[in-house]
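Values in this text are rule-based calculations from the coordinates and carry no lab data. Note that this is a predicted model, so its numbers are computed, not measured. Here the Cβ positions follow ideal geometry from the backbone for every residue, glycine too, while neighbour counts run over all protein chains shown.
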C-alpha cells in the first residue's frame with residue numbers, strides 16, 4: 001500500500017490526533033505510537049515507553065552574542081535559557097545537540113540550560129562526531145563521548161547517535177570511512193557496552209550519503225549483529241520523492257522511512273524545512289497553499305507533513321528565535337495530520353519547487369570554516385532566496401526595471417555576505433566537499449554564482 005492509499009484508508013477509520021500514516025505498509029500499526037499529554041502531541045518510544053514530544057529542539061542554530069574585535073565567538077546563554085524554559089513549559093522534552101554544533105559550544109550551552117531543570121523532565125541526544133581522521137582512534141572517540149557527558153552535566157545520554165554515517169573523509173570511500181570511525185577502533189562495540197551499563201539509553205545513527213551504508217546497518221539489525229533503537233533521517237515533503245533530484249548523492253525519504261517503518265525502528269526527522277528553504281515559497285506556490293488554508297504558513301505545512309507519519313518519534317527544528325519556537329509549538333499542540341487531499345497538493349508543489357533548481361544547502365555549517373574565509377551557507381542562502389523571490393534580473397540590460405533589479409541584487413549581495421567572504425574568493429580547493437552531507441559540488445556552485453555576480457557588475 002502506498003502513502004496516499006494508506007492515508008485515505010486510515011482517514012476514514014481514525015480521527016483527530018491519533019491519525020498517523022505509514023509510508024508503505026501497516027506493519028507497526030498496532031504499536032502504541034501516539035499519546036497526548038497536555039497540549040503538545042507526544043509519541044511513544046516502543047523501546048523504552050518514553051513519551052517524547054513530537055517537536056524536538058535541534059541545538060545547532062543557537063543564538064550568539066556580538067563579540068568585540070578579536071574576541072572568541074560565544075553563545076548567548078541568557079537567551080538560550082529562555083528558549084529552553086519556554087520549550088519545556090510548552091511540552092518540548094527532546095533536545096538534540098552534538099560536539100560539532102555551534103563551533104563546538106552547543107553541548108556546553110545545552111547542558112547549562114537543561115541542568116536548571118529536573119533530569120527526568122527531558123531527553124537529551126548527542127552524537128559521536130568523530131569526522132576527522134585524527135579523532136578516529138579508540139582513545140579520541142572515547143574521550144569525545146566522555147566530554148559530551150561532562151558538557152551536558154549528566155551521567156547518561158538518552159539518545160546517542162553515530163553522526164552522519166554514509167559520508168566520506170580523507171580520500172576514503174564511505175565504507176572505509178565508516179570502518180575507520182566505528183569498527184577498526186572497536187568503538188561501536190564499546191558504545192554497546194556503555195548502553196549495557198546504562199550510560200546510553202538508546203543507540204542509533206544519523207544518515208547522510210551512501211545508501212549502501214544505510215542498508216548495511218539495517219542488515220546488521222536484521223541479523224542481530226547490532227540493534228538500532230532509532231535512526232535519524234532527512235524527511236520533508238520535497239525530499240520524500242525528490243531527494244535525488246536535489247542531489248544525486250541523496251536518498252529519497254520515502255525509501256528511508258519505509259525501511260525503518262517495516263522494522264519497527266522509530267525515525268527521528270531532521271531538516272523538515274531544509275535549512276529554512278521550505279519556510280519561504282515563491283508567490284505561485286504560496287497561493288496554492290493559501291487556497292487550502294489561508295492562515296497556515298509554509299513552515300506549518302512542512303512541520304505538519306513531517307510529523308504525520310506514524311513511525312516518527314520526533315521532528316527536530318533548529319530554532320534560533322522565540323517566534324519560531326512559539327509557531328512550531330503551536331503547530332504540534334496538537335498535530336493536525338496531513339489529509340490525503342493536502343498530501344496530494346504538497347506532492348504537486350514539490351514537483352514545482354524542483355523546477356526552481358535551488359542549491360540544496362541546509363545551512364548545517366559542516367562545510368565551515370572555509371580555509372579562504374568564504375561564508376558558504378550565506379552565499380547559497382542569498383542565491384536561493386533570490387531564486388525563490390524571483391529577484392534575479394532578467395530582460396533588456398538597458399531597461400530601467402532591469403537596472404533597478406541589478407542594483408538591488410548587487411546591493412543585497414553585499415549586505416547579506418561580506419565582500420571578502422563572497423563566491424569570487426573560492427579557489428576550488430575542494431576542502432569543503434567531504435564535509436557536505438548534501439554532497440553539493442560547492443566549488444562548481446560558487447563559480448556559477450560568481451559568474452552571475454560578475455555579469456551583473458559588468459552589465
Can you tell me, using C-alpha contacts under 8 Å and at least 6 residues apart, the relative contact order of the chain as a whole percent?
16 percent
So, relative contact order of the stretch 376-458 in percent, Cα under 8 Å, 6 or more apart, is 28 percent
How far, in nm, would the chain grow between residue 39 and residue 81 when pulled straight, counting 0.36 nm per residue and subtracting the alpha carbon separation?
13.0 nm
For a label point 7 Å along the Cα-to-beta-carbon line of residue 458, residues of the stretch 410-440 with backbone N under 20 Å:
410-411, 413-414, 422-428
Cβ-derived FRET efficiency at R0 35 Å, residue 196 paired with residue 288, nearest 0.05:
0.10
Quick one: which of 444-454, 274-284, 45-55 comes out on top by average Cβ neighbours within 10 Å, and what's the full order, highest first?
45-55, 274-284, 444-454
Antiparallel bridge percentage (DSSP; both residues within the chain; nearest 5)
25 percent
Remind me, relative contact order of the stretch 111-211 in percent, using alpha carbon pairs under 8 angstrom and six or more residues apart?
33 percent
Quick one: grab the alpha carbon gyration tensor of the stretch 388-428, order the square roots of its eigenvalues as a ≥ b ≥ c, and give me rounded if a/c is under 1.5, else prolate or oblate depending on whether a/b is larger than b/c.
prolate
What's the extension gain from residue 156 to residue 215 if we count 0.36 nm per residue and subtract their Cα-Cα distance?
18.4 nm
Please list 100-111, 303-314 highest first by mean number of surrounding beta-carbon atoms within 10 Å per residue.
303-314, 100-111
Sort 236-246, 183-193 by packing, meaning the average of other beta carbons within 10 Å per residue, with the highest value first.
236-246, 183-193
Compactness of the chain, expressed as Rg and Dmax over alpha-carbon positions, Å:
22.0, 72
quick shape note, the stretch 306-404: Cα extents on principal axes in Å, largest first -> 54, 39, 23
